[in-house]
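The values are calculated or read from the model by the stated rules, or taken from the named source; none is laboratory data. Worth saying up front: this structure is predicted, and the values here are computed from it rather than measured. Methodologically, a virtual Cβ is constructed for each residue, glycine included, from the backbone with ideal geometry; neighbour enumeration extends over all protein chains shown. Protein only, heavy atoms only, side chains kept; ligands, DNA and RNA dropped before computing areas. Shrake-Rupley method; radii C 1.70, N 1.55, O 1.52, S 1.80 Å.
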Amino acid sequence: MKNFKNKTGLSTYITALKANGSSIGFVPTMGALHEGHLSLVNRVLSENDFAVVSIFVNPTQFDNQDDLVKYPRTIDADIALLKTVSDTKVIVYAPSVEDIYADNIQSQAFSFDGLEHEMEGAFRKGHFDGVGTIVKRLFEIVKPDTAYFGEKDFQQLQIIRKLVELHNLPLEIIGCPIYRAKDGLAMSSRNARLTQDHRVAAPFIYKTLNTAKEMFGTKSAKVVTEWVTKQFEKQPLLELEYIIIADIATLKPVYRKSTNKTYRAFIAVYAGDIRLIDNIALN
Ligand code: AMP
């Protein structure tokens, strides 16, 4: 498997592939790969000749230093997992912080038409400036035809679409469905850090989102979110940070339902020290 640690080597290799007419799909990741990531890589290879997978824990998108330090780093296992998808069609880019940022580990400031101020943007200061900075830089290095992002991070997906639109970047963005464990918990690199008790408690998040979806057919967003809040008050191991029902175009909370808009419920929950996010389409 081709595994590049610096951008020059990667860039030369990709330029040669593209000169031969090959299409390149890209999956940016922070590593600690799981089946959710692999579902994106498989999707890339069903629609492109090659999949570039970047593995980089981006320091500028963490508002919490402890989360950055403790973020799992499992590069050997990641490579082994990617080899199970394809040894020849998957290309890994696992750069050092210096390769990306040189000696200036800082985010650029972005405006994403207000999408950056909602939900994760409100609760994780500077997060989307960090995401915008790394993703734009990676797009410039990899120059993919298409990049694939999970709906697991739905706000991020919408922000990347906005980044591409506002900066006229020459690629297409594809959103991919949330891949879940059998018990419904959305796969996440952070799940590996859950205690056994928290892991057992965590599927309650998706179960509650499903009931919220059913309720939203007949009840207002306010009634549904208040109901969800009450359910979490009865869960000693799970602490609700937010439950928001939002219009997917603006990500602003809905106060009055409209039949021509599309809504999702977004949730963030602490299971002990571990912050989990999830979301569900409502209509
Ligand atoms: P991360 O490594 O967490 O930054 O995720 C890298 C990419 O994989 C992002 O586009 C995520 O949305 C996506 N992803 C992570 N977990 C899942 C999942 N359970 N299902 C689908 N996509 C996912």
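Within the bounds of the stretch 191-209, is there any residue that is loosely packed, with under 14 Cβ neighbours inside 10 Å, of a type in the set (Asp, Glu), at negative phi and away from the ligand (no atom under 16 Å from the Cβ)?
Yes: the stretch 191-209 contains one or more residues that are loosely packed, with under 14 Cβ neighbours inside 10 Å, of a type in the set (Asp, Glu), at negative phi and away from the ligand (no atom under 16 Å from the Cβ).
How about the stretch 24-61: which of its residues are under 21 Å from residue 136 (Cβ atoms) and among the small types (Gly, Ala, Ser)?
Result: 25, 31, 51, 54.
Run residue 138 past the list (1) of a type outside the set (Gly, Ala, Ser); (2) in a helix (DSSP H, G or I); (3) more than 14 Å from the ligand (Cβ to nearest atom); (4) under 23 Å from residue 1 (Cβ atoms) and report the number of the one that doesn't hold.
(3)
Okay, residues lined up against (1) within 20 Å of the chain's Cα centre (by Cα); (2) not β-branched (Val, Ile, Thr):
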residue	(1), (2)
8	no, no
21	no, yes
51	yes, yes
54	yes, yes
70	yes, yes
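What are the residues in the stretch 29-53 that are open to solvent by less than 50 Å² (accessible area, probe 1.4 Å) and more than 11 Å from the ligand (Cβ to nearest atom), if any?
If the condition is that a residue be open to solvent by less than 50 Å² (accessible area, probe 1.4 Å) and more than 11 Å from the ligand (Cβ to nearest atom), then 44, 45, 48, 50, 51, 52 are the ones that fit.
Quick check on the stretch 222-239. Is at least one of its residues more than 16 Å from the ligand (Cβ to nearest atom), under 13 Å from residue 266 (Cα atoms) and of a type outside the set (Ser, Thr, Tyr)?
yes
Quickly run through the stretch 150-182 and pick out the residues that are hydrophobic (A, V, I, L, M, F, W, C), in a loop (DSSP other than H, G, I, E, B) and in contact (Cβ under 8 Å) with a residue 24 or more places away in the chain.
The answer is 169, 171, 178.
Listed here are the residues, each with its yes/no results for (1) at pLDDT 95 or above; (2) among the β-branched types (Val, Ile, Thr); (3) more than 24 Å from residue 158 (Cα to Cα); (4) open to solvent by less than 70 Å² (accessible area, probe 1.4 Å).
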{"residue": "82", "(1), (2), (3), (4)": "yes, no, yes, yes"}
{"residue": "95", "(1), (2), (3), (4)": "yes, no, yes, yes"}
{"residue": "100", "(1), (2), (3), (4)": "yes, yes, no, yes"}
{"residue": "108", "(1), (2), (3), (4)": "yes, no, no, no"}
{"residue": "112", "(1), (2), (3), (4)": "yes, no, no, yes"}
{"residue": "118", "(1), (2), (3), (4)": "yes, no, no, yes"}
{"residue": "125", "(1), (2), (3), (4)": "no, no, no, no"}
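If residue 10 satisfies every condition in (1) within 16 Å of the ligand (Cβ to nearest atom); (2) assigned to a helix (DSSP H, G or I) but one, which is the exception?
(1)
Scan 163, 115, 185 and give me the residue that is within 11 Å of the ligand (Cβ to nearest atom) and under 25 Å from residue 245 (Cβ atoms).
Within the list 163, 115, 185, the selection yields 185.
Kindly evaluate residue 147 against the criterion of being under 22 Å from the mean Cα position of the chain (by Cα), within 10 Å of the ligand (Cβ to nearest atom) and not assigned by TED's automatic domain parsing to the domain that holds residue 69.
No; evaluated as a whole, the condition is false for this residue.
Go through the stretch 210-223 and give me each residue that's crowded, with 20+ Cβ neighbours inside 10 Å and out of contact with any Ser or Thr (no Cβ under 9 Å at 6 or more places or on another chain).
Scanning the stretch 210-223 gives 216, 221.
Considering only the stretch 39-135, give the helices (runs of 4 or more DSSP H) lying wholly within it that have at least 1 residues that are β-branched (Val, Ile, Thr). Working first, answer last.
Details: elements: 65-70, 75-85, 97-101, 119-123.
Fully inside the stretch 39-135 and qualifying: 65-70, 75-85, 97-101.
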